[in-house]
Amino acid sequence: MQGYFDAQSLIKACRSGRAMATATAVLMLVAGMIPPADAAITEPVLQWTAGGLSAGIDSAGQAARMAVDARGNVAIVSGPSQGRDLAVTSYTENGVFRWRNTVSPASGTFVGDWVVAAPNGDFLAVGHNINSSGNPIQTTLLRFDMNGALLWRVEPAVGFLPTVGRLVVDADGNAYLALSGRGSGMFVQKYDPSGTLLWSQRDLTGSGYALASSLALSPDGGDVVVTGGISGGASWNTIAYDAATGVRKWQVTAAEGTTAKDVVVDATRVYVTGQGATGAGTPALKYFLTVVAYERATGKRLWRTDRKPADGNDAFGLRMTMAPDGSLAVTGQTNRGFLDWYTVALETTGTVRWEAVRDGKLNTDEIPRAVLVMPDGTTVVTGRGGPNLAGGYIPGVTAGYSSSGQLLWVAFSTLETIWAAALPNGDVCATGGYDALVTCWSVPANVVTPPPDIVPLPTAPASLVASSTTRRRIDLVWRNTASDASSIMVERCAGSACTAFAPVAQLAATATSWSDSQVKSKSTYSYRLRATNTAGSSEYSNTASATAR
């Protein structure tokens, strides 16, 4: 953190009325509040922060989600702004304020849900208003142009106690909204760029108590898939619709576990994560972070992967994303006394690439809220985590993992974070907390450097060939693959299928040939090689055999 801000910079930032949260964050880190476990982890460079100035009714309200457009402009949806309204606030990728627009509810107070960026630079946002008891009354969908002007507003009618699953937008600017009503079912609706409802589909599974958790579009925009669970039940409920017409293509409702939480789609498959269960009754019943894959065209179940840490009592998949290379990244929670972060990367076959647990040593639950994978393969997770701030307050944590699951960097926000996004310039921003706090960092690249005291094992020699053209001599040639070897060891045994190899020569690391004159005429010998250095020996090369002349 040294060098982020000097004292004069802090004073100037606070006087500007813009960076109270920044100053608090810097003072927290300067005071040595970074946990010892993260002391060796790279700290990203703080670029800018905004919001977080007031927890009162004069603020923009609690941040819900954020979105980034193609130019790097950031938008945060929050509420209740001014104690009542729904707000969308936008900044440039460098943190310059662009605009804020607010809308008022017909009754109650607004809470933000989702915001997404349309291809033309518009932002769409959805929120819901609640009554004095905290129960949802109505959902509101909004569209703002690139300058913040409100283009339209609609209030979808979905019945009693409406909840929002997710909002997505396609390449043509059409909006798809997943939402639910208590007893009236799970809905998916499509709106065109002018706000006209193009189609609405309802699922009444579970006597109308199906709940939408998330929504995803296929890469070609041909399908839209919604997933969720059944209120009071123990089933995953996933439905694929034709995005153009709204016609249901398939539905799978299955007892995979407690509920499904998120969904992603690639060219051929649909992937759903949530909490899976196996066994029946105590103690046989076990809960996992589970991913299930379905065939995109038919809904046929292809595979299921269940994971939990060896020291975890259970696990739960919360959010999932698709990496640029087509693999999957899932983040969730695991119960190890308190809840800790649990992140798993998988191939599209269900094979696990890596898994990681983060425990910030809070004496309470730590829960990740979002996951994304950057173009360089860094998996980014954000949410509430440790260590505590002074006074026992819980910060937001944003962490980056390498392509092999090694923790690369950790960044801290003064308030709990709920969503994160990557900017086109490579920075990462996270939002969460009062007054629509957003914090952005320049993060290190996805490069894992071994500690200087660790020397990797060399790679094995390759393409070993044995031949004999001279009486009572066998000649070996091979290709070196190691740049860090200190020697090449030659081993020999008698026979073509022998296994009792013994060392016969130690050669220079650069050697690519050797002749063995300690052989008997008309006898067969087999050879193998391996490279060595201070760390140890490589794997063996291929085995080559020859009969001496």
Tell me which strands (runs of 3 or more DSSP E) are completely within region 272-387 and hold 2 or more residues being of a type in the set (Lys, Arg) and touching a strand residue (DSSP E or B) at 6+ places or on another chain (Cβ under 8 Å), or say none if there are none. 301-307, 352-358
Are any residues in region 388-410 among the hydroxyl-bearing types (Ser, Thr, Tyr), outside any strand (DSSP E or B) and either surrounded by 17 or more Cβ atoms within 10 Å (Cβ to Cβ) or under 13 Å from the mean Cα position of the chain (by Cα) (or both), and if so, which ones? SER402, SER403
Exactly one condition in (1) in contact (Cβ under 8 Å) with a residue 60 or more places away in the chain; (2) in contact with a Gly (Cβ under 7 Å, 6 or more places away or on another chain) is not met by THR524; state its number. (1)
Residues satisfying the stated conditions in region 220-248, i.e. open to solvent by 10 Å² or more (accessible area, probe 1.4 Å), more than 24 Å from the chain's Cα centre (by Cα) and either of a type outside the set (A, V, I, L, M, F, W, C) or under 12 Å from VAL188 (Cβ atoms) (or both): GLY222, SER231, GLY232, GLY233, SER235, ASP242, THR245, VAL247, ARG248
Residues of region 261-271 being of a type outside the set (Ser, Thr, Tyr) and part of a strand (DSSP E or B), which ones? LYS261, ASP262, VAL263, VAL264, VAL265, ARG269, VAL270
Against the definition (over 30 Å from TYR527 (Cβ atoms) and not basic (Lys, Arg)), how does VAL455 come out, yes or no? no
Kindly provide the set of residues from region 171-187 that are in a loop (DSSP other than H, G, I, E, B) and not hydroxyl-bearing (Ser, Thr, Tyr), ordered by number. ALA171, ASP172, GLY173, ASN174, ARG182, GLY183
Which residues, counting only those in region 515-549, are open to solvent by 60 Å² or more (accessible area, probe 1.4 Å) and either part of a strand (DSSP E or B) or farther than 21 Å from PRO456 by Cβ (or both)? SER517, GLN518, LYS520, LYS522, ARG530, ASN542, THR543, THR547, ARG549
Collect the residues in region 469-499 that are within 11 Å of SER541 (Cβ to Cβ), of a type in the set (A, V, I, L, M) and free of Cβ contacts under 8 Å to residues at least 40 places away in the same chain, keeping them in residue-number order. VAL490
For region 314-343, the count of residues that are touching a Lys or Arg at 6+ places or on another chain (Cβ under 7 Å) and polar (S, T, N, Q) equals 3
For region 90-111, what are the residues that are closer than 24 Å to PRO424 by Cβ and touching a Ser or Thr at 6+ places or on another chain (Cβ under 7 Å)? ARG98, TRP99, ARG100
Considering each residue of region 168-199, count those that are under 25 Å from ASP145 (Cβ atoms) and open to solvent by 40 Å² or more (accessible area, probe 1.4 Å), and give that number. 7
May I ask you to say which residue of GLY377, GLY360 is in contact (Cβ under 8 Å) with a residue 24 or more places away in the chain and open to solvent by less than 10 Å² (accessible area, probe 1.4 Å)? GLY360
Which members of region 77-113 meet the condition of being open to solvent by 10 Å² or more (accessible area, probe 1.4 Å), part of a strand (DSSP E or B) and either among the aromatic types (Phe, Trp, Tyr) or without any contact (Cβ under 8 Å) to a residue 12 or more places away in the chain (or both)? TYR91, PHE97, TRP99
Could you tell me whether any residue of region 423-433 is open to solvent by 20 Å² or more (accessible area, probe 1.4 Å) and in contact with a Leu (Cβ under 8 Å, 6 or more places away or on another chain)? no
Of the conditions (1) modelled with pLDDT under 95; (2) under 29 Å from GLY400 (Cβ atoms), THR89 satisfies every one except a single condition; which number is it? (1)
Of the conditions (1) touching a strand residue (DSSP E or B) at 6+ places or on another chain (Cβ under 7 Å); (2) on the phi > 0 side of the Ramachandran plot, GLY536 clears all except one; give me its number. (1)
Can you confirm whether region 458-479 contains a residue that is touching a Pro at 6+ places or on another chain (Cβ under 6 Å) and open to solvent by less than 50 Å² (accessible area, probe 1.4 Å)? yes
Single condition LEU285 does not satisfy, out of (1) within 22 Å of THR253 (Cβ to Cβ); (2) in contact with a Leu (Cβ under 9 Å, 6 or more places away or on another chain): (2)
For GLN506: the one exception among (1) open to solvent by 80 Å² or more (accessible area, probe 1.4 Å); (2) more than 30 Å from PRO456 (Cβ to Cβ); (3) of a type outside the set (Val, Ile, Thr): (2)
In region 191-224, the residues that are touching a residue at least 60 places away in the same chain (Cβ under 8 Å) and either under 22 Å from PHE288 (Cβ atoms) or of a type in the set (D, E, K, R) (or both): SER213, ASP223
Per the filter on region 114-167, residues open to solvent by less than 30 Å² (accessible area, probe 1.4 Å) and assigned to a loop (DSSP other than H, G, I, E, B) are ALA118, GLY121, ASP122, GLY148, PRO156, VAL158, PRO162
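The values are calculated or read from the model by the stated rules, or taken from the named source; none is laboratory data. Fair warning: this is a prediction, and the values are worked out from it, not measured in the lab. Backbone-built Cβ (ideal geometry, glycine too); neighbour counts: all protein chains shown. These accessible areas exclude ligands, DNA and RNA; they are computed on the full protein's heavy atoms, side chains included. Shrake-Rupley method; radii C 1.70, N 1.55, O 1.52, S 1.80 Å.
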